[in-house]
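Undergrad: Handing you a structure now.
The values are calculated or read from the model by the stated rules, or taken from the named source; none is laboratory data. Computed from a prediction, not measured in an experiment: that's the story for all the values here. Heads up, the Cβs are rebuilt from the backbone with ideal geometry, glycines too, and the neighbour counts pull from every protein chain shown. All accessible areas refer to the heavy atoms of the entire protein, side chains included, with ligands and DNA or RNA removed. Shrake-Rupley method; radii C 1.70, N 1.55, O 1.52, S 1.80 Å.
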Amino acid sequence: MDTPVDRPSGAARDDLGHPLRPGPVHRVVSLVPSLTEAVAATAPGLLLGATDWCSHPADLAVVRIGGTKNPDVARIIGLRPDLVLANEEENRAADLAALRAAGLAVWVTEVRSLDQALSSLDRLLTVACGLPRPGWLDAATAAWRALPRPTVAPRAVVPIWRRPWMVLGRDTFAGDLLHRLGIRQLYADHADRYPKLPLTELRAALPDLVILPDEPYRFTRTDGPEAFPGVPAALLSGRHLTWYGPSLAEAPALLTAQLAAARA
């Protein structure tokens with residue numbers, strides 16, 4: 001098992017520019033499921049606490065500290081971690097400010113593309129946590145670089161929620177992955193990152209494909225495809241489409257197979 005090493009002297013800065021005081025890291029609380037999995041796959045002994053939504057690895061045995069949007073701040077402070085891991089999109093700024101005000105070190109990631117994810121993960125693990133670069137991160141990088149150039153570009157709508165309907169818009173990590181897989185996302189240029197649009201408008205866009213991940217909304221064969229009659233539906237693994245961590249290594253092959261099955 002990899003073991004943590006002391007960070008080099010001198011303050012490092014997270015993805016948003018917040019300074020992190022130097023020092024050894026032996027106790028980590030993660031507020032992001034994908035970052036929990038990333039640390040668990042690299043140095044599981046570091047993890048002290050994680051959210052109720054942190055489901056990987058399946059045998060994760062740590063203190064649960066609430067949700068990503070409503071963590072138990074007092075409990076986190078009471079755990080006295082050396083480092084708290086967060087994400088600017090998944091976690092609330094007010095909660096992170098409260099943790100910093102209590103004297104805790106907080107490292108925040110920003111992930112809007114695959115390249116940004118790979119770079120951010122490397123810095124989080126090697127700079128913030130003081131760990132050697134893990135092999136799974138090299139495997140993930142290689143897997144996406146080996147992806148062949150797509151020969152077709154089906155026009156797709158990508159709902160992530162219903163009641164109300166929400167779809168992927170501009171500047172999203174999942175959207176970048178789909179682009180690399182040869183998908184022409186119909187709302188990639190929308191002004192909003194996650195626009196709320198009526199179902200009538202989504203149907204009127206005449207997509208070649210509707211892509212339905214199983215998170216954050218759990219779309220299934222009986223919940224989602226019926227809203228787009230006559231349009232092939234691709235049911236994708238939300239973890240492989242939206243998580244940035246060890247799942248990235250197998251994501252190209254799995255997502256490619258799931259997209260191909262819908263278009264067969």
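Undergrad: I'd like the Kirkwood hydrodynamic radius of region 1-142, using the inverse of the mean 1/r over distinct C-alpha pairs, in Å.
TA: Every distinct Cα pair counted, the radius reaches 14.9 Å.
Undergrad: Which one, A86, A12, A249, has the greatest fluctuation when you compute a Gaussian network model over the chain with C-alpha springs under 10 angstrom?
TA: Ranking A86, A12, A249 by mean-square fluctuation puts A12 first.
Undergrad: Next question, about the same structure. Sticking with the crude label model, points 7 Å out along Cα→Cβ, report the distance from E110 to A253 in nm, one decimal please.
TA: Roughly 3.5 nm, to one decimal.
Undergrad: Just to be sure I understand the model, the point goes 7 Å from the Cα along the line to the Cβ. What's the resulting R163 to R203 distance in nm?
TA: Taking the simple label geometry, R163 and R203 are separated by 1.9 nm.
Undergrad: Need one word for region 206-264: rounded, prolate or oblate. Basis is the Cα gyration tensor (sqrt eigenvalues a ≥ b ≥ c); a/c below 1.5 gives rounded, then a/b vs b/c decides.
TA: Judged from the Cα gyration tensor, region 206-264 comes out oblate (a/c at least 1.5, b/c at or above a/b).
Undergrad: Of the accessible area of the chain, with the probe set at 1.4 angstrom, what percent is carbon plus sulfur?
TA: 54 percent
Undergrad: How far, in nm, would the chain grow between A264 and A61 when pulled straight, counting 0.36 nm per residue and subtracting the alpha carbon separation?
TA: Answer, rounded to one decimal: 69.0 nm.
Undergrad: Can I ask one more? What is the chain's relative contact order, in percent, from Cα pairs under 8 angstrom and six or more apart in sequence?
TA: 16 percent
Undergrad: Working out 0.36 nm times the residue gap between R221 and A139, then minus their Cα-Cα distance, what length gain in nm do you get to one decimal?
TA: 26.4 nm
Undergrad: While we're here: For region 30-118, what does the accessible surface come to per residue with a 1.4 Å probe? Please give it in Å².
TA: Solvent-accessible surface per residue comes out at 38 Å².
Undergrad: Do any trypsin sites (Lys or Arg not before Pro) in region 56-131 lie in a DSSP loop with no more than 13 other beta carbon atoms within 10 Å, and if so, which?
TA: K69
Undergrad: Relative contact order of region 78-138: what whole-number percent is it, with Cα pairs under 8 angstrom and at least 6 residues apart?
TA: Once normalised by length, the contact order is 28 percent.
Undergrad: Which whole-number percent is the relative contact order of region 79-219 (Cα, under 8 Å, 6+ apart)?
TA: After rounding, I find 21 percent.
Undergrad: Which of the trypsin sites (Lys or Arg not before Pro) found in region 205-264 are loop residues per DSSP with 10 or fewer other Cβ atoms within 10 Å of their Cβ?
TA: Here the trypsin sites (Lys or Arg not before Pro) that fit, given the DSSP loop and packing criteria, are R221.
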